[in-house]
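A.B. asks: Here it is, the structure, as structure tokens.
The values are calculated or read from the model by the stated rules, or taken from the named source; none is laboratory data. Predicted model, so just to flag it, every value in this text is computed and none were measured. Because the Cβ atoms are built from the backbone with ideal geometry, glycine has one as well, and the counts that use them run over all protein chains shown. Heads up: the accessible areas ignore ligands, DNA and RNA and are worked out on the full protein's heavy atoms, side chains in. Shrake-Rupley method; radii C 1.70, N 1.55, O 1.52, S 1.80 Å.
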Amino acid sequence: MKRRPVIRGRRGIALFMVLLILLVLTVLTGAFVRVNGINLNLLSNSIQRTQAEEACTSALQYAWMRLDRDASWASPGYFTNNPADETWGTRLHAHGAGTEIEGEVNGTDMRFTLRVFNNLQNDNPDTVNNVPKRGVRLSIDGVACNARRHVDVVMRKKAFVDSSAVSQMDMSILNINNMKWNVESTDPLLNLVRSNAKIVGPKVGIGGGSSEIEFVKPPTAPAGATGPFGTAWAKDDILVEGGLSLGNTPGYLSTASTKSRGQYLPETGGEYKIPDLNPDDLAGPSDKRVLPGGRYYFGIAGAAVPPVAEVLPVAEVLAVPEIPAVGIPGDLGYVPAVPAIPGVSAVPGHAGVAGFTQWTQTLQYTDPSGKTTILADIPSGKGKDDDYTPVPLQQDVWIPLALDPSTGQRTDRSVLANLKTCQIVVAPGIRAVVPEGDLVVDGQLGSGNVALGTVVGGSGQDDHKGDDDDKDHKGHHRHGKHDGKDKPAEIAVPSTLEVDDGDIQIYGAATGWGAMVSKKGNVNLRLKNALATDPDLGVALYAEGKVTMQSAWLSYGVQCAGASFTGLIYSKGDFDVTADQQTLSIEGAVVTQGKLGVNNASQVNFKYNPDYLRDIILAKNNTPTRLEQVSFVSR
């Protein structure tokens, strides 16, 4: 067999190709190994960063839990008076010193340093450390091996609700005339009204003109800001201008939002959970006095006094001396003696007296059985015979109404009635409790007023003020508001008027500083109120039933134009206001588990103020602080 000759050049090329392929494979293998090494390092670093974040999260959850249980935790001096070493089950161990906590997650390389700026119990912001009032700032550094993460969290006490008005059923704010509905807030983050049904409102400018609903621009907003400055939220539709649907007409929705400087969220389908409130859990004064239930009626009546005719003067009659006898008795011509006749002094005359009307003011009490007792009956003044204008008292007349705890008699002056102002006054720091029946305060001329937490001089009240009268209440009573103005100096400490088993009906003005609570019934007021409460108490009105307010132009004793409330109004029934072009202003929140309706008010002002909504529930053992997160920054 003939053999082919071997070509030496081809054998060299094959060797070169083999070596080149080996070189490429070596380079690829090295690159693969390097890339995988980098990936492994990146994965390791990512795991460490994640663990560092988990360390921050663990510290945040731990701090949240501790602050929820104890609002004073990690404040200056806390670890001096409490154990410095703490554990969270088997997960975490921490050691506190000053306001700084060092901790580690058990069984891992995760550690953290937590600095706490606790301002939860202060009513002023900590501007140095950027902490809001009633808030706390957590500065957390988490470490896992070589990875570090930082988290800065600001939290504050969570308010009872997040809206100025909340209703379980329809919310209706209407007027047959022009009106204004202002929705505003002291919280730059929250300005809402909510309904778990429909919202029915006035004009919003769809048919032309301006909107009668305005979401008020907050003071912190930039000068050129145009909104939206608030939100109207409804589970179902939002109807305006006599029934126009914002949920079904995008054009209407856009116009309404622009002209009212807010946003409307109709037909959300969601359900806002309205928190339940038990009257036994409400904060309030502990010094209790019993006020008998029934009707307290301030009356004024006039009785006609007839005129007295003129009497002419009578001249003096001179005395006649005795005339002696003449002759001897029995003889002819004998004249017996005549005795002396005494004189009569002159009687002066006097002019006639015109008739007049004697006015008298009374306080009648009718107990739950129907028995009526006159508690006071005082002449108040005189009027002309033909003038039937009442003449009221010009000076204070005080009648004690509360039962003395030791005798059971109405001698305790912590609850007083003033005949001059037709007013029942509850002293500061007192919880006046009506254990049985309704409490009705009314009278003639639109009288029947109630004042809470009010100091009255010259009444003997000083010896019967509540035990809380000398307490600071965190200074709120020095900064509170009353009827839209600075609170008068005579209002010192709030009080509570509580009816255990009936309704509250006040036909006059309700003023002062404190709360009215109907534990099983309704609250009925007139639209002439100026009632504020303390942020430490929170509740201004509470009704297990419904809260109603009616128009009352005629007023006597205490004058109020419209109704002004500061605090929480909470009704488990409806909240219904029937006005006659008066103003209704509520700062805090109004919450109802029924319908919310305001009809024919010239102006309705709902102003959300969470300061009155953070301490609604009476502090008890294991009562949570209820925090909410305001901001979260991670780097």
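A.B. asks: Starting from the Cα gyration tensor of the chain, take the square roots of the eigenvalues, sort them a ≥ b ≥ c, and report rounded, prolate or oblate (rounded when a/c is under 1.5, otherwise prolate if a/b is larger than b/c, else oblate).
C.D. replies: prolate
A.B. asks: Could you work out the local net charge near residue 341, counting Lys and Arg as +1, Asp and Glu as -1, over the other residues with Cβ closer than 14 Å to its Cβ?
C.D. replies: For residues surrounding residue 341, the net value is -2.
A.B. asks: Can you tell me which of 113-125, 594-606, 413-425, 378-390 comes out highest on packing, and rank the rest after it, using the mean Cβ neighbours within 10 Å?
C.D. replies: The most tightly packed comes first, giving 413-425, 594-606, 113-125, 378-390.
A.B. asks: Continuing with this model, one more query. Packing-wise, with mean Cβ within 10 Å as the measure, how do 520-527, 206-213 rank, highest first?
C.D. replies: Result, highest mean first: 520-527, 206-213.
A.B. asks: What does the charge add up to near residue 236, with Lys and Arg as +1, Asp and Glu as -1, over the other residues with Cβ less than 9 Å from its Cβ?
C.D. replies: For residues surrounding residue 236, the net value is -1.
A.B. asks: Label the range 59-100 by shape, choosing from rounded, prolate and oblate, from the square roots a ≥ b ≥ c of the eigenvalues of the Cα gyration tensor; if a/c is under 1.5 it is rounded, and otherwise prolate applies when a/b is larger than b/c, oblate when it is not.
C.D. replies: On the way: a/c = 1.96, a/b = 1.32, b/c = 1.48.
Taking the square roots of the gyration eigenvalues as a ≥ b ≥ c, the range 59-100 is oblate.
A.B. asks: Could I ask something else about it? The range 253-313: which trypsin sites (Lys or Arg not before Pro) are DSSP loop and have at most 15 other beta-carbon atoms within 10 angstrom?
C.D. replies: 273
A.B. asks: With equal scatterers on the alpha carbons only and no solvent term, can you work out the Debye log10 of I(q)/I(0) for the range 84-167 at 0.18 1/Å?
C.D. replies: The Debye formula, applied to the Cα set alone, gives -0.86.
A.B. asks: Rounded to the nearest percent, how much of the accessible area of the chain (1.4 Å probe, protein heavy atoms only) is carbon and sulfur?
C.D. replies: 54 percent
A.B. asks: Fully extended, how many nm does the chain gain between residue 108 and residue 322 (0.36 nm per residue separation, minus their Cα-Cα distance)?
C.D. replies: Here the answer is 63.3 nm.
A.B. asks: What is the distance, in nm, between label points placed 7 Å from the Cα along the Cα-to-Cβ direction at residue 221 and at residue 635?
C.D. replies: 3.1 nm
A.B. asks: Which links in 420/546; 180/235; 235/546 stretch past 28 Å when you go from one Cα to the other?
C.D. replies: Violating the 28 Å limit, Cα to Cα: 420/546.
A.B. asks: How much length, in nm to one decimal, is gained on full extension between residue 338 and residue 245, taken as 0.36 nm per residue of separation minus their Cα-Cα distance?
C.D. replies: So the extension gain works out to 22.0 nm.
A.B. asks: In whole Å, what is the distance between the alpha-carbon centres of the range 309-352 and the range 124-182?
C.D. replies: One Cα centre to the other: 104 Å.
A.B. asks: Using only Cα atoms, tell me the angle between helix 8-69 and the longest principal axis of the chain; keep it within 0 to 90° and round to the nearest 10.
C.D. replies: Tilt of helix 8-69: around 20 degrees.
A.B. asks: Mind giving me the nanometre distance, one decimal, between the label points for residue 397 and residue 197, set 7 Å out from Cα along Cα→Cβ?
C.D. replies: It is 4.8 nm.
A.B. asks: Can you give the extra length, in nm with one decimal, that the chain gains between residue 374 and residue 353 once fully stretched, where that is 0.36 nm per residue apart less the Cα-Cα distance?
C.D. replies: Values: separation 21, 0.36 × 21 = 7.56 nm, distance 3.15 nm.
Result: 4.4 nm gained on full extension.
A.B. asks: Follow-up question, since we're still on this one. By how many degrees, between 0 and 90 and to the nearest 10, does the Cα long axis of helix 250-260 differ from the longest principal axis of the chain?
C.D. replies: With both axes taken from Cα atoms, the answer is about 60 degrees.
A.B. asks: Still on this structure: What nm value, rounded to one decimal, do you get for the distance between residue 70 and residue 115 when each label is placed 7 Å out toward the C-beta?
C.D. replies: Each label point lies 7 Å from its Cα, and together they span 2.3 nm.
A.B. asks: Send over a whole-number figure in Å² for the accessible area per residue of the range 218-302, probe 1.4 Å. List each step's numbers first, then the result.
C.D. replies: Details: 4020 Å² over 85 residues.
Normalised by residue count, the accessible surface of the range 218-302 is 47 Å².
A.B. asks: Separate question: Give a residue-ordered list of calculated ³J(HN,Hα) values for the range 156-161 (Karplus: 6.51 cos²θ - 1.76 cosθ + 1.60, θ = phi - 60°; whole Hz; x for Gly, Pro).
C.D. replies: 9, 4, 6, 6, 4, 9
A.B. asks: Kindly identify the range 82-128 as rounded, prolate or oblate by the Cα gyration tensor criterion: order the square roots of the eigenvalues as a ≥ b ≥ c, call it rounded if a/c is under 1.5, otherwise compare a/b with b/c, prolate if a/b is larger, else oblate.
C.D. replies: Numbers: a/c = 2.94, a/b = 2.27, b/c = 1.30.
Judged from the Cα gyration tensor, the range 82-128 comes out prolate (a/c at least 1.5, a/b above b/c).
A.B. asks: I would also like to ask the following. Taking R0 as 56 Å, what FRET efficiency do you get between residue 80 and residue 303 from their Cβ-Cβ distance, rounded to the nearest 0.05?
C.D. replies: Working: r = 74 Å, r/R0 = 1.32.
Given R0 = 56 Å and the Cβ-Cβ separation, E is 0.15.
A.B. asks: Using modelled backbone amide H atoms (1.01 Å from N, in-plane), which distant-in-sequence or interchain residues come within less than 5 Å of residue 203's amide H?
C.D. replies: 212, 241
A.B. asks: Just to confirm a number: summing +1 for Lys and Arg and -1 for Asp and Glu over residues other than residue 256 whose beta-carbon lies under 12 angstrom from that of residue 256, what do you get?
C.D. replies: The answer is 0.
A.B. asks: Students often get this wrong, so check it: of 217/607; 520/572; 288/519; 158/607; 382/528, which have C-alpha atoms separated by over 19 Å?
C.D. replies: From the list (217/607; 520/572; 288/519; 158/607; 382/528), the Cα-Cα distance tops 19 Å for 382/528.
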